[in-house]
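One structure below.
The values are calculated or read from the model by the stated rules, or taken from the named source; none is laboratory data. Just so we're clear, the structure is a prediction, and the values are computed from it rather than from any experiment. So basically every Cβ, Gly included, is an ideal-geometry build from the backbone, and we count neighbours across all protein chains shown.
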Amino acid sequence: MSADTATVARGTMVEERATADFQGLPAWYFPIAGCFAGVFDIARAYPATYALLPVLIVLNLVLSLTVLKKRMRLMKALWKNKRTRLLALGLVAVRFAVHALLGAAGFAVGTAVGGVTVGIVMAVLGTAMAYGDQWLILRTLRAQS
């Protein structure tokens with residue numbers, strides 16, 4: 001094996017190891033997390049859906065302790081990250097902004113349709129922002145390794 005081939009092989013092994021070390025959460029996890037962002041507005045419109053909260057919490061815990069156990073380190077690192085906490089606060093600010101904008105547009109936010117609309121918008125935003133945050137963090141970690 002020539003020196004160039006050995007260098008390429010070593011570089012490939014390092015790249016594979018770095019990719020394996022920084023595996024992200026699976027894509028199906030983010031809609032579950034996004035549901036947390038939207039369920040409160042939907043529950044205000046339809047109080048019977050408050051029963052979904054314990055189901056989502058238990059589902060999240062079961063997934064976190066079984067399927068995602070190997071990735072708990074990454075999840076803890078994400079929540080320790082200042083950007084992730086700002087993202088969570090940003091979602092709260094977005095919730096108020098969406099309410100204000102819909103109210104200013106004459107949309108009755110307190111109605112069932114308004115609650116569901118805001119809930120869906122928040123769930124989609126929460127999912128997209130959490131996935132985007134993970135993508136950025138993983139890209140940064142992989143670039144540094």
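Values computed for the structure shown
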{"item": "Listing of helices (runs of 4 or more DSSP H) fully contained in the stretch 22-101 that carry 3 or more residues being acidic (Asp, Glu) and surrounded by fewer than 15 Cβ atoms within 10 Å (Cβ to Cβ)", "result": "none"}
{"item": "Failed item, numbered, when ARG71 is tested on (1) over 18 Å from the mean Cα position of the chain (by Cα); (2) at pLDDT below 80", "result": "(1)"}
